[in-house]
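Shown next, in C-alpha cells, is the structure this report addresses.
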Amino acid sequence: MSATRVLVVEDETKVAAFIKKGLEKQGYEVEVAADGREGQQYFDQNTYDLIMLDVNMPLMDGVELAQYIRTKNTHVPILMLTALGTTADKLSGFDAGVDDYLVKPFDFMELLARLKALLKRATAGTAPAEPSNVLRVSDLELDLDQKVARRGGQTIDLTAKEFGLLEYLMRNRNRVVSKVDIAVDVWDIGFDTGTNFIEVYINYLRKKIDKDFDKKLIQTVVGMGYTLKEK
C-alpha cells in the first residue's frame with residue numbers, strides 16, 4: 001500500500017518543518033509549499049490524500065487556494081491552519097470548502113488526530129442513501145446525486161456546508177440533534193463553545209428554506225438542539 005500523501009502549504013519555515021518531520025515519522029509522504037501560489041502549482045501537478053493550508057500567506061492566501069482546489073476537486077480533505085480563531089474567520093474557511101480548522105499554536109498530536117479523522121471520513125464514503133437518492137421532508141427535497149435542494153418546486157442555492165448540514169437534518173428528521181452532534185457528525189470537529197458558527201449556519205438554512213414559506217421546518221429545542229419536523 002502506498003503512503004498517504006499530504007501537501008502542506010505554509011510560509012512559516014519552522015512550522016512547515018515541524019509538521020513535515022512529525023508526519024514523516026508517522027509514515028506519511030509530505031510535500032511543502034512555501035506560499036499559496038506554489039501550493040496551487042503543487043496541487044495542479046500532483047495528487048494528494050489531504051491538504052493543509054495556512055490562512056495568511058503571500059501571493060495567494062489559504063481561503064483563495066481552498067476555493068481554487070474546490071473548483072478542481074470536491075472531495076480531497078482540507079485542513080486549515082490559522083492564527084485567527086474568530087467565528088467569521090472559520091466561516092470564511094468553511095464557505096471556501098475547508099473541512100476542518102486548527103488554531104495556532106497547536107500540539108502535534110491534536111494535528112495528527114484531526115488529520116486521521118479527515119482521512120477516515122474521506123475513505124469511509126457517505127452514509128447509505130435512500131433508494132431514490134432523494135431525501136424528502138414535507139415539500140422539501142434534497143437530490144444527493146445532483147446536489148440540488150428544492151422546496152415547493154423552487155430550487156434553493158446552498159453552499160457545500162449548508163448542503164451537508166441540511167442533509168444531516170433531513171436524515172435525522174423528527175429527531176433532536178445537539179450542537180455537539182452537528183460538530184462531530186457534519187464537520188468532524190470537536191464542539192468549540194467559544195464560537196457560534198453552528199447557530200450561524202442554522203440561520204443561513206432558515207433564511208433559505210423557511211423564510212418564504214408559511215410552514216417552518218427547522219425548529220429550535222431550547223437547551224437541547226435542533227430538529228427538522230415533517231409536521
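So if I check each of T71, T82, which one is hydroxyl-bearing (S, T, Y) and farther than 18 Å from A183 by Cβ?
Result: T71 is the single residue among T71, T82 that is hydroxyl-bearing (S, T, Y) and farther than 18 Å from A183 by Cβ.
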By residue number, the members of the stretch 198-231 that are on the phi < 0 side of the Ramachandran plot and either part of a loop (DSSP other than H, G, I, E, B) or at pLDDT below 80 (or both) are K211, D212, F213, D214, K215, K216, L217, V222, M224, K229, E230, K231
In the stretch 145-181, how many residues are open to solvent by 60 Å² or more (accessible area, probe 1.4 Å) and not in a loop (DSSP other than H, G, I, E, B)? 7
Among the residues in the stretch 41-50, are any in contact with a Leu (Cβ under 9 Å, 6 or more places away or on another chain), assigned to a helix (DSSP H, G or I) and farther than 17 Å from K104 by Cβ? yes
Take the conditions on the phi < 0 side of the Ramachandran plot, β-branched (V, I, T), open to solvent by 20 Å² or more (accessible area, probe 1.4 Å) and touching a strand residue (DSSP E or B) at 6+ places or on another chain (Cβ under 7 Å) and apply them to V63. Does it pass? no
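The values are calculated or read from the model by the stated rules, or taken from the named source; none is laboratory data. Note that the structure is a prediction, hence the values are computed from the model and not measured. Every residue, glycine among them, receives a Cβ derived from its backbone with ideal geometry; neighbour counts consider all protein chains shown. Quick note on the areas: whole protein, heavy atoms, side chains included, nothing else; ligands and nucleic acids left out. Shrake-Rupley method; radii C 1.70, N 1.55, O 1.52, S 1.80 Å.
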